[in-house]
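Taking it in order: structure first as structure tokens, then the write-up.
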Amino acid sequence: DSGVTQTPKHLITATGQRVTLRCSPRSGDLSVYWYQQSLDQGLQFLIHYYNGEERAKGNILERFSAQQFPDLHSELNLSSLELGDSALYFCASSADRASSYNSPLHFGNGTRLTVT
Amino acid sequence: GQQLNQSPQSMFIQEGEDVSMNCTSSSIFNTWLWYKQDPGEGPVLLIALYKAGELTSNGRLTAQFGITRKDSFLNISASIPSDVGIYFCAGRVPFGNEKLTFGTGTRLTIIP
């Protein structure tokens, strides 16, 4: 158990809809990262938050947004969903500190999103 | 952006065999990490490397941070059935780019 909790585990929705994925990081971790993994693909970096502030953006579509709340949990919002958005979405946390973003990432078990 | 080439893409081996996989980067990295992912689960950290030339073991697993800082390998000795899964390398470039770039994975299958 990595200590990172993601909900829901599975999500099935229709095209055009909006969903929210939730992540609780490991206790004490200030950094939260979101990654997308399509079928049999590697992990694509979406976005990184540190202590409530956005730190880095990757290949995140404009239809997607995220935030990290004061209690450090994070939500990834996906809107105007398309068939191609079907994927596994992983959250990871790390013990990074502002002086050094070099700690390993610890991943949750992901949310499997199916858009029909 | 950084690109990570991971090879081989897949391996079919017999139980007890040794396994070797590697990653090469177009950029210099200051961190190399190796993860294993089982079906339906998130990647689990196996080994973390922080210095060029560093050689680190975790049980039957050994990984090295290449001296050029552009490559890393992972070896698994005496493979067992629970080694089946997808292995990912991941790396970070220095100087403030915090994102972790992942390789495309090596799928390990053990033939009975």
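The values are calculated or read from the model by the stated rules, or taken from the named source; none is laboratory data. Since this is a predicted model, take the numbers as computed values, not measurements. No Cβ is skipped: glycine too gets one built from the backbone with ideal geometry, and neighbour counts run over all protein chains shown. Just the protein is used for accessible areas: all its heavy atoms, side chains included, with ligands, DNA and RNA removed. Shrake-Rupley method; radii C 1.70, N 1.55, O 1.52, S 1.80 Å.
Table for the structure above
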item	result
Charge dipole of the protein assembly as shown about the Cα centre (unit charges at C-beta), most positive-ward option of B:S27, A:L43, B:F102	B:S27
Counted charge near B:I28, where neighbours are those whose Cβ lies closer than 12 Å (Asp, Glu -1; Lys, Arg +1)	+2
Kirkwood Rh and Cα Rg combined as Rg/Rh, the protein assembly as shown	0.97
Beta bridge orientation in chain B: antiparallel %, DSSP, nearest 5	90 percent
At most 16 other Cβ within 10 Å, DSSP loop - GluC sites (Glu not before Pro), the stretch A:32-85	A:E62, A:E82
The protein assembly as shown - percent of accessible surface contributed by carbon and sulfur, probe 1.4 Å	49 percent
The stretch A:50-116 - Debye-derived log10 I(q)/I(0), Cα point model, q = 0.16, 0.24 Å⁻¹	-0.65, -1.27
Residues whose placed amide H lies under 5 Å from that of A:Q17, excluding near-sequence neighbours	A:L81
Estimated vicinal HN-Hα couplings, Hz - the stretch B:105-112 in sequence order (Karplus 6.51, -1.76, 1.60; Gly, Pro = x)	x, 10, 8, 9, 10, 9, 7, x
Debye equation applied to the C-alpha atoms of the stretch B:1-57, log10 I(q)/I(0) at 0.13, 0.16, 0.22, 0.29 Å⁻¹	-0.44, -0.68, -1.18, -1.33
In the stretch A:39-73, the trypsin sites (Lys or Arg not before Pro) that fall in loop regions by DSSP, at most 15 other Cβ within 10 Å	A:R63
Cα-Cα P(r), chain B, percent of pairs per 5 Å interval	2, 13, 24, 25, 19, 10, 5, 1, 0, 0
Cα-based Kirkwood hydrodynamic radius, chain A, one decimal, Å	14.1 Å
